[in-house]
Structures are given as C-alpha cells and as structure tokens.
C-alpha cells in the first residue's frame, strides 16, 4: 500500500464525474482493470506499481483488482479484489480484502476476485453500453477478457439486445480529468518535487572527478527512499561528458572527468505522483567559458518559456519562445549560420535541440492528455490553451556532438535544465527550485561540499 493516500471521498467524486459522462452517453457499465504483476526473471516479480487510471478512480493499489461502474437508475461502484488469506499474507503482506476495501474506499460493493467472471457476466445483462480504457489498457488481455464476458453473457440470455451494443473508450475522458489537478494532488506533487530537488543537491555535492555515474544515482535513490518516496518516477539519467549528449543515458560505469559536465535527470514518485527535474553542473565545480556560455543560453530559454506558461497562452507558445532564444544564441556562438528567420524556417536548431520544451506531469511522468484542444472536427486541432491546475515540465536543452564544422571547445557539451511548473491564474509556479539553477549558485553549492 502507499504510505499515504488522499481522503477516499476524492476518489468517489472522480467516479461520480465518470458516471455522469456515462449517463450522457446513454448509461451502461464500465470495467476498468489495474495493472497486472510482471515477472522480472524466473519466479521473481518486478516491484508492483498500480495502473494510474485505475488508481485515479479507486485509490486502491493492490494487484489483480478490477473496478466496475454502473450508470443506471441507481449508480454503483463495485470493486473486485483478492480475498483475505492469512496463509498467503504471511509471505506477501496484509491485503485489504473486500469488506475492508469497500468500507475504507467508499465502494458500494466489493467482492472477492474469484467471483469476477460470474458477477461481471450477470452485470452485463440489461446494459446498453460497455465502457473501458480501450486505447490505454492496463491489462494486456483486456479486449479478450471483455469479449469473453460478453460471449458468456450471450449464452445466458434469450435476447442479445439486452446486452451492450456499443463500446466506448474511457481513456480520453480520464485524461481530461487528470489534466487538472486538485489541491490534494498539487500538495503531493509539491512534496515530491521538494524531495527530488534535495536529492539533486546531495548529488551535486557528492560529485567530483573520479567518481562514477552510478555513485551519484545512489545518492538520489537513498535520499528519495529515506524521505518517504515509494520509487523513482522513471529510471534516473546520470550522464557525464559525452554521455550528456545521449538524451536518455542510464547511469552507468563512466567515471566523471575533470572539465566535464554532468547532466542528471531524476525524480521520485510519491504517493502515486511523479516529479521530474534536470540539472547540469561541472564535475570539478566550475564551468568553463564555453560551458557557461551555452548554460546561460539554455537558462535564458527556460526563463522565456516560463514567462509564456500561463492561461494567457496555449501549450506550444512556451516551446516557441525557447526555440527562438536557443536559435539566436546558437547563431551568436557560431554554431549556426545565416539569419534567425532562416534558422527557424529550416529548423536548423534541431541539430542541437531535438526535443520539445515540456510535457504534462502527474501520476505518470509523461502524463496523459492531448496537447491539442478537443477537436470541433478532425481538421481543427489547435494547441490546447493552458489552464490553472495543469502541471507540466519546462526543459530546454542543447547537445553538441563532435563534428568537423563545430569548434572543438563546444564538443561533448550536453545541457538540460528542467523544472516542474504548476499553471496558476496569472502565470506558473516552478515547484522544483529547491535545487539551484543559476550557475553562480551551482558553483557556490559545489564549493560547500565536504
């Protein structure tokens, strides 16, 4: 179980929102699974992590569970979960069991998993529509399982018109709900960002020429768990020297060298919510001239994007602002040739900046939700307007690989600066600034290391 969860009523309110949408589609039955357990090797499982959509509606974190919602004359929410089993619990830990789960999480009913097939087959009768997370299935056999239940139901009724005639995808509906965070979600995300930022501080202070990337990863992991995070939100990136030009380089055996930069992209997951922070710093504690020039450029791009992250603007305006700053800077440093207009038109900057400036953040590190507005038609998909309560990252970067036409002083410089931004009514709040970002402050922090 998670160390802490929001009040069960918040999950009930979310279920009510989904039920209201189901009624707008004519009512019916929704069936939503959590994620299955996955084998790591032989009889050893990966650490279990629930499905985010399932958790969003239920607050329930055990494996092998299913949620059923019925939008009818009387709305119902029904949980199916593993039954209490003292002998098994000696090995794997205490389970909620149906009775306690129904009471704690506010379900109308809860039943043992053993009765799932029979009960769902019966519940399908009399329903007009079937709803599930069809385009984002947590369970690999979801479509087959739904089909099997319908087949069994058809065998038990005389008139198949009494069974669901249409299938509806819940994925986009849930994505729209999850885009806007409530107060409890934002509080958890601020706490996650605080833990992660302090982990980055400790990694900076531990860094020095001669240590390994994996040693810095260990500092992060230790701090995350020590302060209550259940896991990393994603595999930590610790990249030194040329590795920093590999966008998703895993922390490895490389040794930090004097004069190199170190890029760390790491965040914890706390109570089901991700954080995502990137900092770049000199292994020896002092930026070289070329490193400082490009670092200042990336920081200016992040500042420009942050200023365009508000309800006044759509999602892509921040990216456009960052690209303009980076492209002009690349021209000024001689890494690009021509005019700003030409470099933007030909996307010449993509040689050094090949990713976007941000993504949604929430239960998943690359959280759900379209970056385009819900379309009035398939041909009309403008960028989504930002709204207070959305959370996204702001993470420009530059990555300069060796090449004959590139000045050697810039070779193997990889820089990314990433913060987590909560959109407010008037702008945005960077909730991950517990770790320095200004180069002078980074150097001062590294001088203070033991």
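The values are calculated or read from the model by the stated rules, or taken from the named source; none is laboratory data. It should be emphasised that the depicted structure is a prediction, and the values quoted were computed from it without experimental measurement. Methodologically, a virtual Cβ is constructed for each residue, glycine included, from the backbone with ideal geometry; neighbour enumeration extends over all protein chains shown.
Filtered by the rule that a residue be surrounded by 14 or more Cβ atoms within 10 Å (Cβ to Cβ) and either out of contact with any helix residue (DSSP H, G or I) (no Cβ under 6 Å at 6 or more places or on another chain) or within 16 Å of residue 51 (Cα to Cα) (or both), the stretch 158-168 gives 162, 164, 167, 168.
Among the residues of the stretch 18-29, not a single one is touching a helix residue (DSSP H, G or I) at 6+ places or on another chain (Cβ under 6 Å) and within 13 Å of residue 107 (Cβ to Cβ).
Within the stretch 139-151, the residues that satisfy the criterion of being surrounded by 14 or more Cβ atoms within 10 Å (Cβ to Cβ) and modelled with pLDDT of 95 or more are 142, 145, 146, 148, 149, 150. Within the stretch 54-95, the set of residues being closer than 19 Å to residue 116 by Cα and free of Cβ contacts under 8 Å to residues at least 24 places away in the same chain comprises 84, 85.
Scanning for something surrounded by 14 or more Cβ atoms within 10 Å (Cβ to Cβ), closer than 19 Å to residue 364 by Cβ and in contact with a strand residue (DSSP E or B) (Cβ under 7 Å, 6 or more places away or on another chain), does the stretch 2-17 turn up at least one residue? So far as the stretch 2-17 goes, no, none of its residues is surrounded by 14 or more Cβ atoms within 10 Å (Cβ to Cβ), closer than 19 Å to residue 364 by Cβ and in contact with a strand residue (DSSP E or B) (Cβ under 7 Å, 6 or more places away or on another chain).
Within the stretch 120-135, the set of residues being over 23 Å from residue 35 (Cβ atoms) and in a loop (DSSP other than H, G, I, E, B) comprises 125, 126, 127, 128. Among the conditions (1) under 20 Å from residue 55 (Cβ atoms); (2) surrounded by 14 or more Cβ atoms within 10 Å (Cβ to Cβ); (3) in contact (Cβ under 8 Å) with a residue 40 or more places away in the chain; (4) more than 18 Å from the chain's Cα centre (by Cα), residue 179 misses just one, which is (4). Determine, yes or no, whether residue 228 is in the same structural domain as residue 355 (by TED's automatic domain parsing), over 22 Å from the mean Cα position of the chain (by Cα) and part of a loop (DSSP other than H, G, I, E, B). Taking the combined requirement at face value, the residue does not satisfy it. Here residue 342 fits the description: more than 19 Å from residue 411 (Cβ to Cβ), out of contact with any helix residue (DSSP H, G or I) (no Cβ under 7 Å at 6 or more places or on another chain) and free of Cβ contacts under 8 Å to residues at least 40 places away in the same chain. For the stretch 136-148, the criterion of being in contact with a helix residue (DSSP H, G or I) (Cβ under 7 Å, 6 or more places away or on another chain) and either in a strand (DSSP E or B) or within 16 Å of residue 18 (Cβ to Cβ) (or both) is met by at least one residue.
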